[in-house]
Structure formats: structure tokens, C-alpha cells
1. For A:Arg67, A:Arg30, A:Arg15, give the ranking by accessible area with the largest first, probe 1.4 Å.
2. Compute the convex hull volume of the Cα atoms of segment A:1-93, divide it by the residue count, and report the result per residue in Å³ as a whole number.
3. Taking N as the number of residues in segment B:15-113, what is its alpha-carbon radius of gyration divided by 2.2 N^0.38 Å?
4. Based on the Cα atoms of segment A:49-96, what semi-axes does the equivalent ellipsoid have, where each is the square root of 5 times one gyration tensor eigenvalue, given in whole Å with the largest first?
5. Run through every distinct alpha carbon pair of segment A:1-46 and return the Kirkwood hydrodynamic radius in angstroms, one decimal place.
6. Any idea of the accessible area per residue across chain B, 1.4 Å probe, to the nearest Å²?
7. Ignoring ligands and nucleic acids, what accessible area does B:Glu56 show with a 1.4 Å probe (Å², nearest 10)?
8. With a 1.4 Å probe and all protein chains in place, put B:Leu49, B:Leu75 in order of accessible area, largest first.
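The values are calculated or read from the model by the stated rules, or taken from the named source; none is laboratory data. In this text the structure is predicted, and so the values were computed from the model without any measurement. Cβ placement follows ideal geometry from the backbone for every residue including glycine, while neighbour counts extend to all protein chains displayed. Side chains are part of the model used for accessible areas, which takes the heavy atoms of the whole protein and leaves out ligands, DNA and RNA. Shrake-Rupley method; radii C 1.70, N 1.55, O 1.52, S 1.80 Å.
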Amino acid sequence: KAGVTQTPRYLIKTRGQQVTLSCSPISGHRSVSWYQQTPGQGLQFLFEYFSETQRNKGNFPGRFSGRQFSNSRSEMNVSTLELGDSALYLCASTRWLTSTDTQYFGPGTRLTVL
Amino acid sequence: KQEVTQIPAALSVPEGENLVLNCSFTDSAIYNLQWFRQDPGKGLTSLLLIQSSQREQTSGRLNASLDKSSGRSTLYIAASQPGDSATYLCAVPPQGGSEKLVFGKGTKLTVNP
């Protein structure tokens, strides 16, 4: 069974640009969550999607947005990039919208903003 | 607001040593607690998940315990190996609130051959 995949693995952008990251969950999983990991703040929850609807949202500005498609694949978008957006962006999937299941993480997308 | 703390931030041990990693959380109203491993620049690998009704879980050389009342969990690694070198993170899904998982900042473990 294939794991969670994320594309691209690495991205370099400049301030002010926008970026779109993609996440494909494990087959049969319908919930996708996104996290930002930085050396200073650690892992922080961005948002969760289930059945194409955002169900939970962390404390991030509106420049961070996402969506989920009918096949459960998800994208996140960051507009007007800032230097502080440089981070490893991880997505995770679970079968259902529940907090009792193991979350399976992808390898991440490393975003560098210059 | 749930806060998760991991002590120590870094740990270096010789190969073969048994070791304990600590995780504490401020709000005992949790569904479960999950331990992850992260290799440098990589994603997270789930190691163990302990449901709130359980006291411990075991997988191979790993044993995780949970004491909800005191807000603590420990990850015990037996007979450590150089391949165990990684950052270990614990995380809890808080009851209520909007966050899916709240993570500690991790313990970076180095096992020296």
C-alpha cells in the first residue's frame, strides 16, 4: 500500500510570490491535515480537510489556504510569501475525521523563500 | 490551550544503553498520545499510539507508557542502536479546540557506536 506522497519535495521561491503544494493521502484515507515545521516553532497545525471541507484550522494568517478534491488529494497555497514561510511542510492522512487514529505523514515539501 | 513539553531536548548515549524519553502535557483531556520518529529532513514515522484508556503500548524494543492524571508519557528504548539516532516527537490530539495534533519540540537522540 503506497504511503502519503507530497510534491514537489523541494521549492525555492522569492518574497511576494505564491506557491502551491500537493499531497496525496493513503488510498482509502479521507482526512488530510497540513503542518508547518520550523526550527524555532517546531511542528504547528495548519488545517485539516475531510470530504472536501475544511474541518479544523490552526492559528495561521489567511495567506495560508487549502482545498481538497473529490479523490481526497489536497493542495495548500501560500500567497505573498515571506521569509518566515521557509519551512518543511508536512501533510498527514487518516481514514476518518477522528482523533483516535494514527496519523500517517508524508516526506514533506521543503520550501525556501529568498 | 494544550502545551506539550519534551525533556531533554537532546540526548547522546553509547550503543546498547537503555534509555527513557519524556513527554508532558498540560491538559489531561486527551484522546490518545502518539510517538513519532523523524530522521533529518524527512517526514514523521509513527512509532506507537496509546489510547487514553490504555497505560502502555509495546512494539519491539520500544515501550511507551501514559499517565493521563499526571500529564506524562515516557518512551523507553531498550538496547539502543546507532540506527535509533533520530528526533523523537510526542503529540496529542486535544479534546475540544481546533488543532488536530499538538506536538512537543522533540528529543534529538544520538546513539554512538
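1. Order by accessible area, largest first: A:Arg15, A:Arg67, A:Arg30.
2. Spread over its residues, the Cα hull of segment A:1-93 gives 91 Å³ apiece.
3. My calculation over the Cα atoms of segment B:15-113 gives 1.06.
4. Three semi-axes, in Å: 22, 11, 10.
5. Values: mean 1/r = 0.0779 Å⁻¹.
Over segment A:1-46, the inverse of the mean reciprocal pair distance is 12.8 Å.
6. Per residue, chain B has an accessible area of 46 Å².
7. Accessible surface of B:Glu56 is approximately 110 Å².
8. Solvent-accessible surface, decreasing: B:Leu49, B:Leu75.
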